[in-house]
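Data first, discussion second: the structure below is written as structure tokens.
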Amino acid sequence: FLALFGTAFVFVAVVSAYVVERAIERRFMAQAQGLARLISSRGFPLSSTTVLYIREAYGAEVVIEEEGKIVPELSTWKRSLEEAGVCGLLPVSAPMGKRTLHLLFSPEVMRGEFSHAVRPVLIIAAAGLLSVILLGFYGTHRIVRPIERLAAAAGEGKVPAVGGGPEMDALVAALNRLTEEVRQHERWSVMGQMAVGIAHELRNPLAAIKMTV
């Protein structure tokens, strides 16, 4: 019981963590695409001050790329995107007209978002697993122990009440009836064997008397 439901809860927790991770990636991608559409719209002033504000708001380094080259005056990350990958920054890119917007998120930001989203799932899974353990022990005490007492008392004559509810009481009564029927059949069988033995013992002297007469 514990192994079955424990495995089920662990499986659900792992699958939920995977789904949440994909959802976080999609959310970051949606943020980058929304920001790219906003920057591409007319009337949005794109300057170094704006880029710094974007970095503070999104918690990521901002890279504006045009024709495969980084625009340094509009980027907080002055080095190449390959160096960003070496430094462990995770890029989320979105087209922005003739330019491309890259948001470079640090692993700490990604892990923080992941843990913030997954923590409730893990807490629920742990609470469910704890509930299963408590229910397992309760089921053992409520069901398995009376069955063990019933099995131990089955060979000792009439079985007393072992607890466990009305179902166990009905099982004890049925077992007592079955035991009584078996004993009744055993008594009839013994009486039949005794009758055969008595008839045999009577036939022997009667045969001798008959021969003598």
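The values are calculated or read from the model by the stated rules, or taken from the named source; none is laboratory data. The model shown is predicted, which means the values in this text are computed figures rather than measured ones. Heads up, the Cβs are rebuilt from the backbone with ideal geometry, glycines too, and the neighbour counts pull from every protein chain shown. Note: accessible area is taken over every heavy atom of the protein model, side chains too, but ligands, DNA and RNA are not part of it. Shrake-Rupley method; radii C 1.70, N 1.55, O 1.52, S 1.80 Å.
Among the residues of the range 79-97, is there at least one that is under 24 Å from HIS116 (Cβ atoms), assigned to a helix (DSSP H, G or I) and open to solvent by 60 Å² or more (accessible area, probe 1.4 Å)?
No, the range 79-97 contains no residue that is under 24 Å from HIS116 (Cβ atoms), assigned to a helix (DSSP H, G or I) and open to solvent by 60 Å² or more (accessible area, probe 1.4 Å).
Per-residue answers, yes or no, for (1) under 28 Å from ALA17 (Cα atoms); (2) touching a His at 6+ places or on another chain (Cβ under 9 Å):
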residue: SER75; (1), (2): no, yes
residue: GLU83; (1), (2): no, no
residue: VAL86; (1), (2): yes, no
residue: ALA94; (1), (2): yes, yes
residue: GLY97; (1), (2): no, no
residue: PHE105; (1), (2): yes, no
residue: GLY112; (1), (2): yes, no
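Which of the residues spanning the range 167-213 are hydroxyl-bearing (Ser, Thr, Tyr), over 30 Å from ARG142 (Cβ atoms) and open to solvent by less than 100 Å² (accessible area, probe 1.4 Å)? Steps first, answer last, please.
At the first step, the residues of the range 167-213 found to be hydroxyl-bearing (Ser, Thr, Tyr) are 179, 189, 212.
Remaining after also requiring over 30 Å from ARG142 (Cβ atoms): 189, 212.
Listed by number, the list holds a single entry, SER189.
Filtering the range 23-69 down to residues that are touching a Lys or Arg at 6+ places or on another chain (Cβ under 7 Å) and either in a loop (DSSP other than H, G, I, E, B) or aliphatic (A, V, I, L, M) (or both), which residue is nearest to VAL109 (Cα to Cα)? So that I can check it myself, show each step before the final result.
As a first pass, look at the range 23-69 and keep what is touching a Lys or Arg at 6+ places or on another chain (Cβ under 7 Å): 61-62, 64-66.
Keeping just the survivors that are either in a loop (DSSP other than H, G, I, E, B) or aliphatic (A, V, I, L, M) (or both) gives 62, 64.
Working: VAL62: 14, ILE64: 21 Å.
The extreme case among them is VAL62.
Looking at (1) open to solvent by 70 Å² or more (accessible area, probe 1.4 Å); (2) within 30 Å of VAL121 (Cβ to Cβ); (3) aliphatic (A, V, I, L, M), which one does ALA32 not meet, given that it meets all the others?
Every listed condition holds for ALA32 apart from (1).
Residues in the range 1-22 that are under 18 Å from VAL121 (Cα atoms) and in a loop (DSSP other than H, G, I, E, B): how many?
In the first step, residues of the range 1-22 are kept if they are under 18 Å from VAL121 (Cα atoms); the result is 5-22.
Those still in the list that are in a loop (DSSP other than H, G, I, E, B) too: none.
Going through the range 1-22 one residue at a time, the tally reaches 0.
How many residues are of a type in the set (Lys, Arg) and either closer than 30 Å to TYR138 by Cα or surrounded by 14 or more Cβ atoms within 10 Å (Cβ to Cβ) (or both) if we restrict to the range 2-27?
Our first condition is that a residue be of a type in the set (Lys, Arg); within the range 2-27, this holds for 22, 26-27.
Narrowing the set further to residues that are either closer than 30 Å to TYR138 by Cα or surrounded by 14 or more Cβ atoms within 10 Å (Cβ to Cβ) (or both) leaves none.
Result for the range 2-27: 0.
In the range 98-134, which residues are without any contact (Cβ under 8 Å) to a residue 40 or more places away in the chain, closer than 27 Å to VAL14 by Cβ and open to solvent by 70 Å² or more (accessible area, probe 1.4 Å)?
GLU108, ARG111, HIS116, ARG119, ILE123, ILE124, LEU130, LEU134, listed by residue number.
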